[in-house]
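FYI, it's all coordinate maths here, none of it is from the lab. Treat the numbers as computed from the prediction; the structure is a model and nothing was measured. Neighbour counts are summed over all protein chains in view; Cβ atoms, including those assigned to glycine, are modelled from backbone coordinates with ideal geometry.
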Amino acid sequence: MGSATSSMAAKFAFFPPDPPSYDTYIDEPTGKMRISDVLPRDDVDVVKLSTKKGNEIVAMYVKNPCASLTLLYSHGNAADIGQMYHIFTELSLHLGVNLMGYDYSGYGQSSGKPSEQDTYADIEAAYKCLEEKYGIKEEDVILYGQSVGSGPALDLAIRLPNLRGVVLHSPILSGLRVMYPVKKTFWFDIYKNIDKIPHVSCPVLVIHGTEDEVVDFSHGKQLWELCKEKYEPLWLKGGNHCNLELYPEYLRHLRKFISAIENLPRLRNSTEQSADQSESPLKTEDNKDKARSSTDLRDKSRSSTGQRDKSRLSTDSKERSRTSTEKREKSRRSTDRSGKARSSIDQSERARNSFDRLGDMVRSVGLCNVDCLKQAALEA
């Protein structure tokens, strides 16, 4: 019964382009795999990945030499990476990120048939490739889920505690809720995003058009309300399911989000710093013991204090209260908070000025959400 229900849901949920929009071939001079009908680029790798479900999927990796973060993009329905190729390369350029896009099982030149569980295996294979082939760390990855792609993106997000961020583009609450406004989750539903989103621990950006005719705007709004770490959402007035990339605010807001999370501390590094700081009191005590046996107690205690100031990255050189250890600690914590706040404000101002200059860039890019190509693909 469960298998039959899953197969029925797959028929309604997945619309791979038929025929696929591209083929793959080996470029003889370089020995690299390429995608047909596009100009070969040195900064784009095309790879085939094996999934734990036994399928072989096609993925493309766009390298940006200036990038510190990597976008793992799960595309929408009725599309494959042949259609998304130029969108991916333009997003990598204008967002300043590396970008990996992949085809679900049964899409493009990927083998197998699409299903909910297969898409989970597909995104796992793509993420594993980022880690093992390109050395990308979990804390430097942003998951991007568009439309039905919000399903595999959120499923992976709840299993990556050190993930840097998540972008949900016209996301769905669940498969069944796209067709019927049900109030509870049924066992046979697919992509139960409504139940998963509260367990995502990193910042989440939600983008949705207010006039979306495929996935109602209420889906994106409710998912944002359920986020644990909310980032300022982008509600595009008048936007539908197929044209959000054409709004200047789209690219600008994505740049703002990426800039903001670039300035967040990496979770693993924070853990390591905490471990280092937990050791520093022991070193401090050793210094104090040595200072007690010395006739120059005051000078050595000041030196120890200076070491603690450096380990805490204090920004205020005026912390010289020597009346008690407690007052020094309070003074440092207060100064750290004010220094970080000032730094955050300065970065926000610089970011704002930079993004304002990007006003009409998205129109020259000419991006389009290829979910709207479904009808054209069916007619072809």
Worksheet, complete the sentence: Ordering 230-236, 205-211 by per-residue average of other C-beta atoms within 10 angstrom, highest first, gives 205-211, 230-236
Worksheet item: Order of 126-139, 251-264 by packing, highest average Cβ count within 10 Å first?
Response: 251-264, 126-139
Worksheet entry | Per-pair calculated FRET efficiency, R0 = 30 Å: LYS221 and CYS66 via Cβ, rounded to 0.05 | 0.30
Worksheet item: Dipole magnitude of the stretch 48-115 about its Cα centre, charges +1 at Lys/Arg Cβ and -1 at Asp/Glu Cβ only, in debye to the nearest 20?
Response: 240 debye
Item to complete: At 0.36 nm per residue, minus the direct Cα-Cα distance, what do LEU93 and THR185 gain on full extension? Give it in nm, one decimal, please.
Response: 29.2 nm
Response to the item:
Protection proxy (average C-beta count within 10 Å per residue), highest first, orders 96-109, 148-161 as 96-109, 148-161
Practice prompt. At most 14 other Cβ atoms within 10 Å and a DSSP loop assignment: could you name the GluC sites (Glu not before Pro) in the stretch 215-246 that fit?
Written response: GLU229
Discussion item. Return the equivalent ellipsoid semi-axes of the stretch 154-274 as a descending list in whole Å, where each equals the square root of 5 times an eigenvalue of the C-alpha gyration tensor.
Written reply: 26, 20, 9
Discussion item. Set the bar at 25 Å for Cα to Cα. Now go through LYS48/LYS113; LYS48/LYS256; LYS128/LYS256; LYS113/LYS192; LYS63/LYS192 and name every pair that lies beyond it.
Written reply: LYS48/LYS256; LYS128/LYS256; LYS63/LYS192
Item to complete: Mind checking the full-extension length gain between ILE26 and GLU211? Use 0.36 nm per residue of separation minus the Cα-Cα distance, one decimal, nm.
Response: 62.3 nm
Item to complete: Treating each Cα of the stretch 40-148 as an identical point scatterer and ignoring solvent, apply the Debye formula and state log10 I(q)/I(0) at q = 0.10, 0.12, 0.16 Å⁻¹.
Response: -0.24, -0.35, -0.64
